[in-house]
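Undergrad: There's a structure below that I have some questions on.
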Amino acid sequence: MINKIVQSMADAMADIKDGSTVLLAGFGAVGQPNVLIDGLIEQGAKDLTVACNNAGTGHIGLARLMELGRVRKIVCSFPRSSDPVVFETLYRAGKIELEIVPQGTLAERMRAAGAGVPAFFTATGVGTKMAVGKEHREIEGRTYILENALYGDLGLVEAWEADRWGNLTYKLAGRNFNPIVAMASKLTVVQTQHVRELGDIDPDHIVTPGIFVDRVLHVPYGDPSGF
Amino acid sequence: MSGSAVADFKPFSRTQMALRVANDIPEGWYVNLGIGIPTAVADHVPLDREVIFHSENGVLGMGPAPEKDKIEPWLINAGKQYITLRPGGSMCHHADSFSMIRGGHLDLCVLGAFQVADNGDIANWATSENDTAPAVGGAMDLAAGAKRLWVLMEHTTKDGSPKLVTKCTYPLTAPAAVKRVYTNLATIDVTERGFVVLSMAPGLTFENLQAKTEAKLHLPA
């Protein structure tokens with residue numbers, strides 16, 4: 001019997017190695033797997049590269065992970081937030097590397113990784129400093145730059161519902177990066193608000209099929225708040 | 001004394017600026033509004049004119065802000081403000097949301113900007129080459145991907161420096177992308193001739209507008 005539901009955070013975070021690339025879903029606090037981030041803090045892996053749309057808020061979650069000196073590099077589109085104090089302090093002190101990526105390129109790099117596409121051409125960033133050092137190609141009269149897929153050793157996801165096969169649904173804007181983080185990561189760990197019996201989620205409503213999911217932890221924390 | 005004769009014109013207010021953009025959006029368009037002043041454009045499109053607003057975080061068919069007691073905590077826009085969903089609204093993941101943008105499916109994007117050049121170059125994401133923590137978000141995707149890019153911004157900086165320039169001095173968001181600029185002083189198309197003035201704030205002369213603009217302005221042919 002397949003059962004991807006784990007009973008403890010220790011099981012959810014087992015065998016995560018130093019130096020991993022971690023893809024972190026969420027847009028602001030909505031759809032962000034905050035409890036799993038706390039689990040990663042507890043687990044202790046360091047020298048991490050973290051890809052996430054934002055670079056943390058206040059002193060909690062991703063910001064806390066960075067503050068503890070566990071993040072070597074952050075890949076994101078919008079490092080500013082309502083309270084980006086930890087990131088900005090580390091960045092100014094030269095203690096964290098930043099790779100700034102246009103948001104659509106960040107998303108597409110994850111989807112490409114999940115789809116077995118090692119790189120793709122895009123018009124986004126052409127003629128800007130994002131294009132410096134990248135391969136350019138003209139295709140049917142328009143210039144594009146080559147962007148590489150972004151693979152995760154670990155992907156952290158927040159779902160609304162999950163079953164023991166790892167099938168997932170999401171709630172409203174909580175979907176955001178979650179499905180593509182699940183696709184792009186070698187080890188995908190999910191926190192879910194609700195656990196359903198196998199067969200109880202309408203197959204037409206499953207957004208992420210379980211093939212993209214490895215571990216599911218039941219975390220019924222309620223609604224997101226604060227960004 | 002109420003100022004000199006030169007200043008005897010009335011700039012458009014922020015509300016009027018947003019209204020002027022809204023009036024030019026026809027029914028049926030799919031539209032993304034950037035954060036800042038452009039967000040207010042949606043408030044001026046009447047609900048019976050069906051314009052479908054897209055938010056980059058996977059929302060299509062965004063409605064007005066909710067009343068305080070009807071907030072849905074799982075529904076936010078790109079500016080991370082609470083929103084509503086109109087009947088017919090839908091959700092998608094980030095890569096599909098940006099496929100709408102990058103795949104050329106949006107009829108219009110309205111962005112704010114620091115500078116626009118008369119060849120359509122836009123600079124709106126960083127104010128120096130060495131920004132302490134540059135934040136690009138979805139601006140480059142929107143500028144490169146939407147069918148039309150309009151800019152909504154003040155005509156000059158707070159200290160009076162022109163924002164409509166011959167060449168952007170700030171880092172570019174996209175080259176040759178802007179089709180039209182709405183400012184507190186004028187509506188200006190970006191054409192092969194450069195900036196063409198479509199309309200001006202009441203009482204403003206073409207010469208006065210030119211004096212506040214670095215790049216050369218043209219009258220419609």
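The values are calculated or read from the model by the stated rules, or taken from the named source; none is laboratory data. This structure is a prediction, so every number in the text was calculated from the model and none was measured. Glycine gets a Cβ as well: all are built from the backbone with ideal geometry, and neighbour counts include every protein chain shown.
Undergrad: In region A:70-114, which residues are β-branched (Val, Ile, Thr) and free of Cβ contacts under 8 Å to residues at least 24 places away in the same chain?
TA: Listed by number, the list holds a single entry, A:Thr89.
Undergrad: For B:Gly63, are the conditions met, namely being within 30 Å of B:Ala95 (Cβ to Cβ) and crowded, with 18+ Cβ neighbours inside 10 Å? Show your work before the answer.
TA: Working: within 30 Å of B:Ala95 (Cβ to Cβ): yes; crowded, with 18+ Cβ neighbours inside 10 Å: no.
Criteria not met by B:Gly63.
Undergrad: Could you check region A:67-84 and list, in sequence order, the residues that are surrounded by fewer than 23 Cβ atoms within 10 Å (Cβ to Cβ) and more than 11 Å from every other protein chain (Cβ to nearest Cβ)?
TA: A:Glu67, A:Leu68, A:Gly69, A:Arg70, A:Arg72, A:Lys73, A:Val75, A:Asp83
Undergrad: Among the residues in region A:133-144, are any aliphatic (A, V, I, L, M), in contact with a Phe, Trp or Tyr (Cβ under 9 Å, 6 or more places away or on another chain), in a strand (DSSP E or B) and more than 30 Å from A:Met9 (Cα to Cα)?
TA: Yes, there is a match, as at least one residue in region A:133-144 is aliphatic (A, V, I, L, M), in contact with a Phe, Trp or Tyr (Cβ under 9 Å, 6 or more places away or on another chain), in a strand (DSSP E or B) and more than 30 Å from A:Met9 (Cα to Cα).
Undergrad: Let me confirm something: among B:Leu85, B:Leu60, which residue is within 12 Å of another protein chain (Cβ to nearest Cβ), farther than 30 Å from B:Asp189 by Cβ and hydrophobic (A, V, I, L, M, F, W, C)?
TA: One residue alone meets the criteria, B:Leu85.
Undergrad: Let me ask another. Quick one: in region B:88-111, which of the residues that are more than 8 Å from chain A (Cβ to nearest Cβ), out of contact with any strand residue (DSSP E or B) (no Cβ under 6 Å at 6 or more places or on another chain) and assigned to a loop (DSSP other than H, G, I, E, B) is nearest to A:Pro179 (Cα to Cα)?
TA: Once the filter is applied, the top-ranked residue is B:Gly103.
Undergrad: Residue by residue through region A:46-60, note down the ones that are modelled with pLDDT under 95, surrounded by fewer than 24 Cβ atoms within 10 Å (Cβ to Cβ) and either closer than 17 Å to A:Gly155 by Cβ or away from chain B (no Cβ under 12 Å) (or both).
TA: A:Gly58, A:His59, A:Ile60
Undergrad: Of the residues B:Gly120, B:Gly203, only one is away from chain A (no Cβ under 13 Å), in a loop (DSSP other than H, G, I, E, B), at pLDDT 95 or above and within 25 Å of B:Pro11 (Cα to Cα); which?
TA: Result: B:Gly203 is the single residue among B:Gly120, B:Gly203 that is away from chain A (no Cβ under 13 Å), in a loop (DSSP other than H, G, I, E, B), at pLDDT 95 or above and within 25 Å of B:Pro11 (Cα to Cα).
Undergrad: Tally the residues that are more than 10 Å from every other protein chain (Cβ to nearest Cβ) and assigned to a strand (DSSP E or B), restricting the search to region B:63-81.
TA: 1
Undergrad: Another one. Of these, A:Val157, A:Val117, A:Val126, which one is over 15 Å from the mean Cα position of the chain (by Cα) and more than 10 Å from chain B (Cβ to nearest Cβ)?
TA: Details: A:Val157 fails: over 15 Å from the mean Cα position of the chain (by Cα); A:Val126 fails: more than 10 Å from chain B (Cβ to nearest Cβ).
The unique qualifying residue is A:Val117.
Undergrad: Out of region B:66-96, which residues are surrounded by fewer than 16 Cβ atoms within 10 Å (Cβ to Cβ), more than 21 Å from the chain's Cα centre (by Cα) and not basic (Lys, Arg)?
TA: Matches in region B:66-96: B:Pro66, B:Glu67, B:Asp69, B:Ile71, B:Glu72, B:Pro87, B:Gly88, B:Ser90.
Undergrad: For region A:1-69, please list each of the helices (runs of 4 or more DSSP H) lying entirely inside it that holds at least 1 residues being in contact (Cβ under 8 Å) with a residue 60 or more places away in the chain.
TA: A:9-12, A:34-43
Undergrad: May I pose another question? Consider B:Glu154 against the criteria (1) under 30 Å from A:Ile180 (Cα atoms); (2) part of a loop (DSSP other than H, G, I, E, B); (3) touching a Ser or Thr at 6+ places or on another chain (Cβ under 9 Å): it satisfies all of them except one. Which criterion is unmet?
TA: (1)
Undergrad: Moving on to the next point. When A:Lys186 is evaluated against the numbered criteria (1) closer than 24 Å to A:His59 by Cα; (2) away from chain B (no Cβ under 14 Å); (3) not hydrophobic (A, V, I, L, M, F, W, C), which criterion, by number, is the only one it fails?
TA: It fails just one condition, (1).
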